[in-house]
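S.K.: Supplied in C-alpha cells, the structure appears directly below.
The values are calculated or read from the model by the stated rules, or taken from the named source; none is laboratory data. Everything quoted here is computed from the prediction, not taken from an experiment. Virtual Cβ from ideal backbone geometry, glycine too; neighbours counted across all protein chains shown. For the accessible areas, the whole protein counts, side chains as well, though only heavy atoms, and no ligand, DNA or RNA atoms are used. Shrake-Rupley method; radii C 1.70, N 1.55, O 1.52, S 1.80 Å.
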Amino acid sequence: MRNPLSATEVLSVSAADGTRLSVYRDTPARPRPGGATVVLVHGASVTADLWRVHARLLTGLGLSVVRYDQRAHGHTPRGQAPLTIRQLADDLHQILTRVVPAGPLVLAGHSLGALVLQELAALHPQHQARIRGMVLLSATARGATVLPGRDPRSWLLAAGRSLAALACTRAPRTVDFLRRRLPTTHPYSLAPHPDRPADGPPRCRHGIRHTHTRDLAGLWQCLRRYQPRDATVLNQFGDRLLLMAGADDRHIPAAHTKQLAAQLPAARLEILPAPRTRCPSATRAHQRPHRPPHRRTEPHHPPHPQDRSFPNSLPSGQFH
C-alpha cells in the first residue's frame, strides 16, 4: 500500500481567555528541508475544512500546514472573550506561538480570515521577520456592508441580508428555536456542542451549527462596525503580499480589494473571473515569494477548486 502524502494531527491550543482552539496540523510524509509552514485562516460561517484540498496540495509539495476552526466555528467554542477581530487575531497569535514557534511562515486568509491577518500584522509585529509571504483572499479595507453593488440585484440582496440581520439581532431566541427544529443535515440547524474530541474539522456547511444566533449577530455587528487599522503596515511585505478577489464576488466586491491594493503599491493583485466568492490556491505565496513587482492584471485562468461556501442569507455570510 502506498504511504499517504500526509498525516493530520488534532491539537488543542488554549486562548488567552481559556477557550480551547481546535487546530489541525497536516504533516507531509516527506517534508521539504527548510520549507515554510503554511497557516490557513478561514472566513465566517465555515470551518478549517475549507482548506482540505489546499492542504492536500501543499503537503504534496512537502510543506507543513496548520489550519484551525476560528472561535465560535466548527469544533472551537465561543468562549468568554468579546467576539472581535482583535480577539481573533490574538487567537491566531497564540496558535503561532505554541504550534509553530520557529521557522518560516506563509499566511493565507480568506474574507474574515484576511481581516484577521491584517490585524495580526498590526498588533503582533514579532512574527513579521518569519513571514515569507502572505495571501489575502477577498480582502477589504473597510467594515462589512450588506450592499455589494449598485445594480438591482445588489439592492435585493441587501434587503434580504438586512432582514436576516434584523431578525438575528432583535429576536435571537426565536431564530434559535427555529434552527433547533431544522433537519440535522440543514446548514442552519443548531445542535449542542459535541463533548467528544474532534477527529478533524467538520464540513464547512456545519461551520456554525454549534453557535447560538446571538453570537452570530454579535460577530456581524463587529464586522459591520470594524474600522481596519492602517493598512500600510502591510507595505513591509512588498511583493511578498498577494491580494486576490473574484470579479463577480457578491459578498466582498473586487472593488473593495482594489481599494486596499491602492494603499499597497508593491503588493500583487489578481482579479479572478469567478462567478462567486472563491478561495484560490495558497501555494502561490510560497512558490513566488520573491517575484519582482509587476503590473496588476486580471488573469483568465479559473480559480482553484474548493468546497462550496455556507449559504449566504445569514448576515455572517458577508465574510465567509
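S.K.: Using every Cα-Cα pair within region 61-122, state what percent have a distance larger than 16 Å. Don't skip to the end; give the middle numbers.
M.R.: On the way: 889 of 1891 pairs.
For region 61-122, the share of Cα pairs beyond 16 Å comes to 47 percent.
S.K.: Full extension from GLN263 to ARG224: what is 0.36 nm times the residue separation minus their Cα-Cα distance, to one decimal in nm?
M.R.: 11.9 nm
S.K.: Report in % the part of the accessible area of region 1-132 that belongs to carbon and sulfur, leaving out ligands and nucleic acids; probe 1.4 Å.
M.R.: Values: 2530 of 4780 Å².
It is 53 percent, rounded to a whole number.
S.K.: Could I have the simple spin-label model distance between LEU123 and THR174, label points 7 Å from Cα toward Cβ, reported in nm to one decimal?
M.R.: Label at LEU123, label at THR174, 3.4 nm between them.
S.K.: Across region 200-217, in residue order, what do the Karplus-derived ³J(HN,Hα) couplings come to in whole Hz, using 6.51 cos²θ - 1.76 cosθ + 1.60 with θ = phi - 60° and x for Gly and Pro?
M.R.: Calculated HN-Hα couplings, in order: x, x, x, 4, 4, 5, 9, x, 10, 5, 9, 10, 5, 4, 4, 6, 5, 5 Hz.
S.K.: Stretched out fully, how many nm does the piece from LEU156 to ALA16 gain, at 0.36 nm a residue minus the Cα gap?
M.R.: Once the chain is fully extended between LEU156 and ALA16, it gains 46.3 nm.
S.K.: Ranking request for peptides 223-232, 45-54: highest mean number of other beta-carbon atoms within 10 Å first, then the rest in descending order.
M.R.: Values: 223-232: 14.9, 45-54: 25.9.
Result, highest mean Cβ count within 10 Å first: 45-54, 223-232.
S.K.: To continue, here is another question. What number comes out for the charge environment of GLY34, summing +1 per Lys or Arg and -1 per Asp or Glu over other residues with Cβ under 14 Å away?
M.R.: Values: positive: ARG30, ARG32, ARG130, ARG132; negative: none.
Net charge around GLY34: +4.
S.K.: In whole Å, how far is the Cα centre of region 165-225 from that of region 53-67?
M.R.: Cα centroid to Cα centroid, the span is 29 Å.
S.K.: Per residue of region 167-175, in order, report the coupling 6.51 cos²θ - 1.76 cosθ + 1.60 (Karplus, θ = phi - 60°) as ³J(HN,Hα) in whole Hz, putting x for Gly and Pro.
M.R.: Along region 167-175, the couplings run 5, 5, 7, 8, 9, x, 5, 5, 5 Hz.
S.K.: For region 7-108, what is the convex hull (Cα atoms) projected area averaged across all directions, in square nanometres?
M.R.: Details: hull surface 23.5 nm².
Seen from a random direction, the Cα hull of region 7-108 projects 5.9 nm² on average.
S.K.: While we're looking at this one, here's another question. Between THR232 and ARG30, 0.36 nm times their residue separation minus their Cα-Cα distance comes to what?
M.R.: 69.0 nm
S.K.: Using amide H atoms built 1.01 Å from N in the peptide plane, name the residues 5+ places from VAL38, or on other chains, whose amide H lies under 5 Å from its own.
M.R.: SER64, VAL65, VAL66, VAL106
S.K.: Report Rg(Cα)/(2.2 N^0.38 Å) for region 154-271, keeping two decimals.
M.R.: Working: Rg = 18.6 Å, N = 118, 2.2 N^0.38 = 13.5 Å.
Normalised Cα radius of gyration, region 154-271: 1.38.
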